[in-house]
Amino acid sequence: MARYTGSQCRICRRETEKLFLKGDRCFTEKCAVERRQYPPGQHGQRRSKLSEYGIQLREKQKVRKMYGVLEKQFRNYFKSAEKKRGVTGEILLQLLETRLDNIVCRMGFAPNRNSARQLVNHGHFLVNGRKVNIPSFSVRVGDLVEVRESSRNLALIGDSLSGNEQKGVPAWIEMDFQNFKGKLLQIPSRDDIQLPAQEQLIVELYSK
């Protein structure tokens with residue numbers, strides 16, 4: 001499947017705000033958005049006023065890039081959210097939040113979603129005792145996610161966990177750092193999802 005392999009910082013600059021795609025680097029002075037607060041490219045510093053459609057499109061692109069999913073995949077998530085009872089925008093974010101790669105990142109096994117996706121692809125994680133190497137795998141309430149025994153000495157996982165113990169994990173996740181495992185306690189509400197996004201704009205875009 002096609003995947004964006006370019007600069008992660010370029011994505012943040014395109015949206016002119018931090019999307020926290022590179023983990024701890026985003027909190028330092030090395031952050032590209034801090035140094036150049038305008039879109040990339042030779043015309044980046046030109047001022048342009050977006051139309052209503054443009055604002056909605058940029059919001060959709062921002063959320064899609066944050067979770068690292070392709071356009072067709074993102075649209076399928078929206079269609080699934082539409083079929084469920086409740087607020088479509090909130091359900092969309094919940095579906096994205098319960099992807100295995102995002103859960104791995106939220107648990108602190110990886111510094112960012114991109115690294116988490118790679119670790120999942122390489123089969124370093126078990127869900128309820130079974131190896132799962134599909135980043136888009138949907139984690140359900142009560143599912144136990146753990147690092148495989150043979151993968152617990154990986155430097156990337158160890159470094160990420162040591163830093164994350166101090167930062168903490170979301171309240172909707174229960175962690176056992178000593179045994180490299182965590183459990184999804186509940187589906188996060190919109191207030192629990194720390195995301196700088198206006199999901200209603202995405203709903204309006206796809207509803208046209």
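For the reader, a short list of remarks on this structure follows.
- From the list Val141, Val120, the one residue that fits, being outside any helix (DSSP H, G or I) and closer than 27 Å to Gln73 by Cα, is Val141.
- Residues located in region 125-134, provided they are buried (at least 23 other Cβ atoms within 10 Å of the Cβ) and part of a loop (DSSP other than H, G, I, E, B): none
- Region 152-183 - residue that is assigned to a helix (DSSP H, G or I), over 18 Å from the mean Cα position of the chain (by Cα) and charged (D, E, K, R) and, of those, modelled with the lowest pLDDT: Glu165
- Of all residues making up region 177-207, the number that are buried (at least 16 other Cβ atoms within 10 Å of the Cβ) and more than 30 Å from Leu156 (Cα to Cα): 7
- Top-ranked residue in region 69-79 [being surrounded by 13 or more Cβ atoms within 10 Å (Cβ to Cβ) and not hydrophobic (A, V, I, L, M, F, W, C); ranked as nearest to Leu57 (Cα to Cα)]: Arg75
- Every listed requirement among (1) touching a residue at least 12 places away in the same chain (Cβ under 8 Å); (2) in a helix (DSSP H, G or I); (3) under 22 Å from Gln118 (Cα atoms) is met by Val69 save one, (2).
- Taken over region 76-117, residues that are in the same structural domain as Ser151 (by TED's automatic domain parsing), farther than 18 Å from Pro188 by Cβ and not in a loop (DSSP other than H, G, I, E, B) amount to 3.
- Tallying residues that are of a type in the set (Val, Ile, Thr) and in contact with a Phe, Trp or Tyr (Cβ under 7 Å, 6 or more places away or on another chain) within region 70-125 yields 1.
- Screening the candidates Gln186, Gln194 for the property of being free of Cβ contacts under 8 Å to residues at least 60 places away in the same chain, part of a loop (DSSP other than H, G, I, E, B) and under 16 Å from the mean Cα position of the chain (by Cα) yields one hit, Gln194.
- Enumeration of residues in region 141-168 that are over 19 Å from Leu126 (Cα atoms) and either in contact (Cβ under 8 Å) with a residue 60 or more places away in the chain or among the charged types (D, E, K, R) (or both): Asp159, Gly163, Glu165, Lys167
- Residue under evaluation Gln200, criteria (1) of a type outside the set (D, E, K, R); (2) farther than 20 Å from Lys72 by Cα; (3) assigned by TED's automatic domain parsing to the domain that holds Tyr67, criterion not met: (2)
The values are calculated or read from the model by the stated rules, or taken from the named source; none is laboratory data. Predicted model, so just to flag it, every value in this text is computed and none were measured. Note: ideal-geometry Cβ built from the backbone for every residue, glycine included; neighbour counts use all protein chains shown.
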